[in-house]
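Colleague: The structure under discussion is supplied below as structure tokens; questions concerning it will follow.
The values are calculated or read from the model by the stated rules, or taken from the named source; none is laboratory data. From a predicted model like this one, the values you see are computed outputs, not experimental measurements. Positions of Cβ are backbone-derived with ideal geometry, glycine not excepted, and every protein chain shown enters the neighbour counts. These accessible areas exclude ligands, DNA and RNA; they are computed on the full protein's heavy atoms, side chains included. Shrake-Rupley method; radii C 1.70, N 1.55, O 1.52, S 1.80 Å.
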Amino acid sequence: MELDRSGSGATAYAVVVAFVAPQVDVVHLSLVVGGTLNDGSGSRLGKVADLIVRLGDDHYPPVTGVLATVAGRRVFVPAEAVGEISARRVTLAESRLDLQPFERRPDEVLLKEDVLDHQLINIDGARLVRTNDIELARVEGWYRVVGVDTSPRGFVRRLVPRRLAGAIDAKTMLDWASVEPFTGHVPTVRLRVPHPKLARLHPAEVADLVEAASHREGEEILAAVSADAEREADVFEELDTQHQVEFIEERSDGEAAALLARMESDDAADLINGLDEERREPILLLLPSVQQRRVRALLGYDPTTAGGLMSPGFLCIFTQATCREVLDRVRRATNPANAAAWVYVMNQHHRLKGAIQIVDLLRADPDAAVGEVAEAARSVRPDADLEEVARLMTDFDLTVAPVVDDEQRVIGVITVDDVLEIVLPRGWRRNFRVFGDE
């Protein structure tokens, strides 16, 4: 029988427990470690120090061996020699034990040493949680890790193991298939790149995890998304300036420029503004010419003014273009989706004459000139302060506001999220649940 992996979180964990319950009880790692290592006849051979699992493509990684202490020596007991893993004891399948020195193998981690009491990533909840206990069960012929207890109950169990020895509540457990341990501190394991679990998260959620994690853990998360250069840039755009600078300082000028080249120009300008002055120019010189020109223009404005907030990505079309032609331009545009929600209309002197939302453009006569169906445009000057920008967008229900120069030519646009990032308090995205389970 195959495990049902269609569920998530506590639901999927409950499925696992229901599947294995008729065959063997789920056992807590905290009750196994410190127990006795017995031979097949029940005689005590030593003490269980840890359990070893192999990380890989398995949703529920198998136990590949037991780390035990026998006569003062750390020895490895392969999984094939293990008959049963239960509370307070590991029993061998045979009476004879072939003592082997312990040596870490690729992709193996020690559950107690490397995972227990460490943070891990809850993918389904997009938050960091602490591992207070680890649950094991015999599934498909192997003892496997099936769940994680992140509740205080898991920690209390280790203090009073007898009282809570058999206590398992699927509602407080996380399905192992929905979590990812940090492995950067393990010499024989590294977070796999690209990583399918992290790929399920929105860049903003990944950024939240990076900001909530330690520096080493943050580096590990960024390394996991770096295989997709565009996704890495998206994550960097979502980081606050402090963390952007923290993680780019360790990169060479060339590496930093390669990352900045994939970011939106306004986000790249904000990041460069946060760098030490001696690094700004060398990195700027390595940017592609178009990106370099845009970033330099943005750096000339106060970051809290319309010029500093704006993005140079927008669509501005001559008034005589037909709606059909404009829609074709929209389809080929590479501007961010929120900025492309509006199309701006200019006269032959490139001065702003109007604006039209994409939804209204779709309803218009395809052969009509866009200048005939566009409405009056509301704009701000590049030196407008944040309050003026926010007031304009609020009064006229704008999600995007154009910024114009002295000649009424559009030089950039401000999206509502640009304003919110300044107005809302620092760390607004982060939920308190990032640091623990519900």
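Colleague: For Asp328 paired with Val290, estimate the spin-label separation in nm (one decimal), with each label point 7 Å from Cα along the Cα-to-Cβ line.
Modeller: My value for the distance between the label points is 2.0 nm.
Colleague: Also, I was wondering about something else. In segment 53-100, what trypsin sites (Lys or Arg not before Pro) fall in a loop by DSSP, with at most 15 other Cβ atoms inside 10 Å?
Modeller: Numbers: sites: Arg54, Arg73, Arg74, Arg88, Arg89, Arg96; in loops: Arg88, Arg96.
In loop regions of segment 53-100 (DSSP not H, G, I, E or B), the sparsely surrounded trypsin sites (Lys or Arg not before Pro) are Arg88, Arg96.
Colleague: Still on this structure, please answer the following. Give me the net charge for the shell around Ala137: Cβ to Cβ below 13 angstrom, other residues only, Lys and Arg +1, Asp and Glu -1.
Modeller: Value of the local net charge: -3.
Colleague: With a sphere of radius 12 Å drawn around the Cβ of Arg296, what net charge do the other residues whose Cβ falls strictly inside it have (Lys, Arg +1; Asp, Glu -1)?
Modeller: Taking every other residue near Arg296 into account, the sum is +2.
Colleague: Using the heavy atoms of the protein chains alone and a 1.4 angstrom probe, what is the accessible area of segment 20-94 per residue in square angstrom? Could you put the intermediate results ahead of the total?
Modeller: Working: 3120 Å² over 75 residues.
On a per-residue basis, segment 20-94 sits at 42 Å².
Colleague: Now for a separate question. Search the structure for amide H atoms under 5 Å from the amide H of Cys316, placed 1.01 Å from N in the peptide plane, and list their residues when 5 or more places away or on another chain.
Modeller: So Cys316 has HN proximity to Tyr344.
Colleague: When 1/r is averaged over all different Cα pairs and the result inverted, which Kirkwood radius in Å belongs to segment 199-287?
Modeller: Across segment 199-287, the inverse of the average 1/r is 12.9 Å.
Colleague: Express in nm, to one decimal, how much length is gained between Ala227 and Glu375 on full extension, taking 0.36 nm for each residue of separation and deducting their alpha carbon distance. Working shown, then result.
Modeller: Working: separation 148, 0.36 × 148 = 53.28 nm, distance 4.42 nm.
Extending this stretch completely gives an extra 48.9 nm.
Colleague: Express in nm, to one decimal, how much length is gained between Ala71 and Arg44 on full extension, taking 0.36 nm for each residue of separation and deducting their alpha carbon distance.
Modeller: Stretched out fully, the Ala71 to Arg44 stretch lengthens by 8.6 nm.
Colleague: Going by a ≥ b ≥ c, the root eigenvalues of the Cα gyration tensor, does segment 273-325 fall in the rounded group (a/c under 1.5), the prolate group (a/b larger than b/c) or the oblate group?
Modeller: Oblate, because a/c is 1.5 or more while a/b does not exceed b/c.
Colleague: Still on this structure, I have one more. Quick one: 3J(HN,Hα) in Hz for segment 409-417, Karplus 6.51/-1.76/1.60 with θ = phi - 60°, rounded, Gly and Pro as x.
Modeller: Each residue's phi maps through the Karplus curve to give 9, 6, 10, x, 9, 10, 9, 4, 5 Hz.
Colleague: Moving on to the next point. Please list 3J(HN,Hα) in residue order for segment 306-317, calculated via the Karplus relation 6.51 cos²θ - 1.76 cosθ + 1.60 where θ = phi - 60°; whole Hz, with x for glycine and proline.
Modeller: Using θ = phi - 60°, the values come out as 4, x, x, 8, 6, 10, x, x, 7, 10, 10, 10 Hz.
Colleague: Hey, how many Å between the Cα centroid of segment 225-244 and the Cα centroid of segment 30-68?
Modeller: 39
Colleague: Relative contact order, percent, of segment 322-385 when contacts are C-alpha pairs under 8 Å separated by at least 6 residues?
Modeller: Relative contact order comes out at 36 percent.
Colleague: Over all pairs of distinct alpha carbons, what does the Kirkwood formula give as the hydrodynamic radius of segment 263-399, in Å? Don't skip to the answer; put the middle values down first.
Modeller: Working: mean 1/r = 0.0606 Å⁻¹.
Computed over Cα pairs of segment 263-399, the Kirkwood hydrodynamic radius comes out at 16.5 Å.
Colleague: So, with a 1.4 angstrom probe, what is the percent of accessible area on segment 315-413 that is carbon and sulfur?
Modeller: Carbon and sulfur together cover 45 percent of it.
Colleague: Roughly how many whole Å is it from the C-alpha centroid of segment 321-395 to that of segment 77-138?
Modeller: Centre-to-centre distance over Cα atoms comes out at 59 Å.
Colleague: Evaluate the Kirkwood expression for the hydrodynamic radius of segment 65-141, namely the inverse of the mean inverse distance over all pairs of different C-alpha atoms, and round to one decimal in Å.
Modeller: After inverting the mean inverse Cα-Cα distance, the result is 14.7 Å.
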